[in-house]
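The structure appears below as structure tokens.
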Amino acid sequence: MKIKPGPLFASAAAATICAALTAGRAPETLVIARSTEHAILDPALRLAEAFPPPPPPPPPDVVVRGPPSRTFRGDAKRHHRSPFYGPRTLPTATVLHEARASIAAMPAILEGGDLLVASLDGALVRLSPTGDLRWKISLGDRIYTSPLITGDHAVLGSDADRVVAVRLSDGRILWQLLVDGDADTAPAEAPDGSIVIAAGSSLYVIRPSGSLRTRIRLQRKIYGSPAIADDGTIYVGAQDDHLHAFTLSGARVFRRDLGSDVDCAPLVGDDGAIFVGTDGGHVFGFEKSGALRFRADVGGFVRGGLSLGRDGSVIAGVYGPRPGIVALDPTSGAERFAFRVREGGPRELGVSGGPLVDAEGRLYFGAADDHVYALDSRGSRLFAVPVTGDVDAPLVLGPGGVLYAGTEDGRLYAIQGAALPAPTRNGL
């Protein structure tokens with residue numbers, strides 16, 4: 001779980017860029033034209049010299065065509081649904097990989113089962129389905145962001161204040177863009193191929209070539225990854241207590257005051273509605289127009305992101321004092337079920353995001369009690385698997401029903417099943 005840092009201090013180069021960008025801007029929104037691209041890219045080129053790519057290893061055998069898990073929480077709408085069936089049986093957990101630091105980002109799975117795994121030591125690795133190392137590179141600082149797979153490369157950010165595109169075959173950096181602040185949210189791909197990522201207090205819309213298309217500047221830090229609707233509308237929350245909606249060109253669609261920090265990645269529903277959680281312990285639903293649909297009290301921080309159940313339920317991971325999973329009706333916000341990991345405990349510990357939803361509607365998530373849980377679609381527990389550290393990163397499901405979980409102690413677990421127990425209603 002990432003602890004919110006104090007004030008950020010930009011480098012001299014970044015400060016110069018920021019001052020130039022800020023001059024003459026509107027109070028809350030700034031759209032930067034093509035003329036600023038060279039100012040952004042030139043420092044990035046100098047940074048590339050400081051972090052040269054490694055020598056190319058032999059290319060892997062797997063050909064990437066269309067990975068089953070290509071971005072944070074599955075797609076640009078952040079549904080966190082998988083096309084695969086998860087473990088139906090009582091599973092065992094095997095350590096597939098050990099990183100040198102915590103795994104806080106959801107891994108990506110390539111076609112054929114290879115995985116991209118990032119960790120807080122700044123390392124990005126490509127692993128075979130059995131854990132063999134294909135290649136490894138360093139991005140210079142902590143990586144909280146899940147990779148976005150697009151074409152033959154992955155796009156992700158790091159706390160080195162840059163966004164990079166990494167070639168999948170050998171780990172070489174294809175392009176990089178210097179940004180003004182930690183790039184610690186996951187990128188999303190718009191319908192036109194643009195890449196949207198938040199860094200510091202700004203949203204960046206990047207062309208597939210790596211050049212800057214639009215920059216949208218907010219007043220406070222953005223911790224939640226942006227979501228994108230089919231029409232290209234970007235939704236993002238910030239620590240200015242607001243949910244924001246913008247077009248890809250930077251025009252504001254709407255802004256809604258939610259009364260507390262919005263560190264949760266928004267969720268775009270099947271009908272175009274928008275859902276988001278807050279540090280005030282609420283989940284909000286909005287119509288596509290921005291009109292309020294509902295406000296539901298779930299009793300704790302909602303930070304990592306929401307999930308969309310197969311029945312349309314909006315499912316939140318909730319922090320203490322009653323950490324667990326809460327499923328809401330998408331129209332009224334009424335509670336459909338709640339599964340509590342435990343009763344009582346610190347407000348800063350709990351479940352950091354909505355669960356992974358498999359093809360049959362089963363729910364899988366990790367918690368700060370060093371367990372991975374599975375529920376049926378009605379919230380009854382199927383099993384709980386112990387691991388050796390907090391599970392704050394979203395889970396990912398691979399071919400053959402293999403569930404992957406990254407932990408705070410740097411281990412990546414592969415979880416596979418054996419014998420299915422009868423469901424129980426709640427608790428450990």
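The values are calculated or read from the model by the stated rules, or taken from the named source; none is laboratory data. Since the model is a prediction, treat every value here as computed from it, not as a measurement. So basically every Cβ, Gly included, is an ideal-geometry build from the backbone, and we count neighbours across all protein chains shown. Surface areas here come from the heavy atoms of the whole protein model, side chains and all, with no ligands, DNA or RNA. Shrake-Rupley method; radii C 1.70, N 1.55, O 1.52, S 1.80 Å.
Amide hydrogen proximity for ARG293: with H placed 1.01 Å from N in the peptide plane, the residues at 5 or more positions away or on another chain lying under 5 Å are GLY285, PHE286, GLU287. Ignoring aspartates and glutamates fewer than eight residues from LYS136 along the same chain, the ones with Cα atoms less than 15 angstrom from its Cα are GLU98, ASP114, ASP121, ASP170. Answer rounded, prolate or oblate for the range 314-428, using the Cα gyration tensor with square roots of eigenvalues a ≥ b ≥ c: rounded when a/c is under 1.5, else prolate when a/b is larger than b/c, else oblate. Note, shape of the range 314-428 comes out oblate. Histogrammed with a bin width of 10 Å, the alpha carbon distances of the range 235-365 distribute as 14, 47, 31, 8, 0 percent, first bin at zero.
Here the accessible area is traced with a 1.4 Å probe on the protein chains. For the range 105-171, carbon and sulfur cover 44 percent of it. Looking at the range 215-302, the accessible area is 31 square angstrom per residue; that uses a 1.4 Å probe and ignores ligands, DNA and RNA. Taking the 1.4 Å solvent-accessible surface of the range 311-377 as the whole, the part contributed by carbon and sulfur is 50%. Taking θ as phi - 60° and the Karplus parameters 6.51, -1.76 and 1.60, the scalar couplings of the range 315-322 work out to 10, 10, x, 10, 7, x, x, 10 Hz in sequence order, x denoting glycine and proline. Accessible area per residue for the range 311-376, computed on protein heavy atoms with a 1.4 Å probe, is 29 Å². In the range 154-274, taking the dipole from charged Cβ atoms about the Cα centre, the farthest positive-side position among GLY171, THR214, SER201 is held by THR214. Ordering of 130-136, 283-289, 206-212 by packing is 283-289, 206-212, 130-136, highest average first (other Cβ atoms within 10 Å, averaged per residue). When the accessible area of the range 220-272 is computed with all protein chains present and a 1.4 Å probe, what percentage of it is carbon and sulfur? Its accessible area is 40 percent carbon and sulfur atoms.
Here's how it looks for SER225: its modeled amide H is under 5 Å from those of ALA186, ALA265, which are all 5 or more places away or on a different chain. Phi angles across the range 242-256 convert, under the Karplus curve 6.51 cos²θ - 1.76 cosθ + 1.60 with θ = phi - 60°, into 3J(HN,Hα) values of 10, 9, 10, 10, 9, 7, 5, 8, x, 6, 6, 9, 6, 9, 10 Hz, Gly and Pro given as x. Coupling constants for the range 167-179 follow from the phi torsions by the Karplus curve (6.51 cos²θ - 1.76 cosθ + 1.60, θ = phi - 60°), and in residue order they are 5, 5, 5, 9, x, 6, 7, 8, 7, 8, 10, 6, 10 Hz; glycine and proline get x. Under 5 Å from the amide H of HIS371 lie the amide H atoms of VAL387, VAL391, each residue being 5 or more positions distant or on a separate chain, with H modelled from the backbone and absent for Pro and chain starts.
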